[in-house]
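What follows is one structure encoded as structure tokens, with my remarks underneath.
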């Protein structure tokens, strides 16, 4: 009888230990993936901040040459203000918050595009070294934004897949690991722009 009791206890201990190790591993991997999403979100905010920091210099440079574009400059300043006021808690990135953030950033992108199009009427400004350097930095920053958004979406996808797969979804549900939203294409991006000569 003693031998059966010892075997039973050993089996129970092994099963409990295996469940504990599986549970611990699953939880720790969720935390690691969640932290990766949050770190990538910080990088997205970093490149958007870089763009926001470039805008006052761009506006100041344009203002000296293009006094007639006051309404366009004001629109850029207002869009920048709105875009920098939208913040997201990186520990709780919901699809709704991400959509709100993206909408504010898209409005700023639109205002900047209108400003850059209006500048075509000012050849002296287009030849200005400061303006050319700022425009180049802005283009580089827009490229960085695209890259960082893509990386964020990849981290979010890895995390979302991980927490939704059975049986890890049980652990995720017990500890409130929530799905993270994705950046999406700007409305109308699927339609090619019309080019007329």
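The values are calculated or read from the model by the stated rules, or taken from the named source; none is laboratory data. The shown structure was predicted, so the numbers you read here are calculated from the model rather than taken from an experiment. In this analysis, Cβ positions are derived from the backbone assuming ideal geometry, glycine residues included, and neighbour counts consider all displayed protein chains.
Residues checked against (1) farther than 24 Å from residue 177 by Cβ; (2) assigned to a helix (DSSP H, G or I); (3) modelled with pLDDT of 90 or more:
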| residue | (1), (2), (3) |
| --- | --- |
| 4 | yes, yes, no |
| 8 | yes, yes, yes |
| 13 | yes, yes, yes |
| 21 | no, yes, yes |
| 26 | no, yes, yes |
| 30 | no, yes, yes |
| 36 | no, yes, yes |
| 39 | no, yes, yes |
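Checked across region 92-99, the condition of being touching a residue at least 60 places away in the same chain (Cβ under 8 Å) and crowded, with 16+ Cβ neighbours inside 10 Å holds for at least one residue. Listed by position, the helices (runs of 4 or more DSSP H) enclosed by region 66-145 that each have at least 2 residues that are touching a helix residue (DSSP H, G or I) at 6+ places or on another chain (Cβ under 9 Å) and under 18 Å from residue 46 (Cα atoms) are 70-85, 95-118. For region 53-63, the set of residues classified as at pLDDT 85 or above and surrounded by fewer than 16 Cβ atoms within 10 Å (Cβ to Cβ) consists of 53, 56, listed by residue number. Please verify whether residue 108 is crowded, with 17+ Cβ neighbours inside 10 Å, modelled with pLDDT of 85 or more and within 21 Å of residue 80 (Cβ to Cβ), treating the condition exactly as stated. Considered against the rule, which asks whether it is crowded, with 17+ Cβ neighbours inside 10 Å, modelled with pLDDT of 85 or more and within 21 Å of residue 80 (Cβ to Cβ), residue 108 comes out as yes. In region 142-162, the residue that is surrounded by the most Cβ atoms within 10 Å (Cβ to Cβ) out of those that are under 26 Å from residue 27 (Cα atoms) and more than 11 Å from the chain's Cα centre (by Cα) is 159. Being within 22 Å of the chain's Cα centre (by Cα) and either crowded, with 16+ Cβ neighbours inside 10 Å or at pLDDT 90 or above (or both) is a property that does not hold for residue 66.
With respect to residue 76, is the statement that it is surrounded by 11 or more Cβ atoms within 10 Å (Cβ to Cβ), under 23 Å from residue 182 (Cα atoms) and modelled with pLDDT of 85 or more true?
On the way: surrounded by 11 or more Cβ atoms within 10 Å (Cβ to Cβ): yes; under 23 Å from residue 182 (Cα atoms): no; modelled with pLDDT of 85 or more: yes.
Answer is no for this residue.
Look at (1) within 30 Å of residue 21 (Cβ to Cβ); (2) touching a helix residue (DSSP H, G or I) at 6+ places or on another chain (Cβ under 6 Å); (3) in a helix (DSSP H, G or I) and you find that residue 154 fails only one, number (2). Given the criteria more than 28 Å from residue 79 (Cβ to Cβ), modelled with pLDDT of 85 or more and loosely packed, with under 11 Cβ neighbours inside 10 Å, does residue 174 qualify? So residue 174 fits the description; yes.
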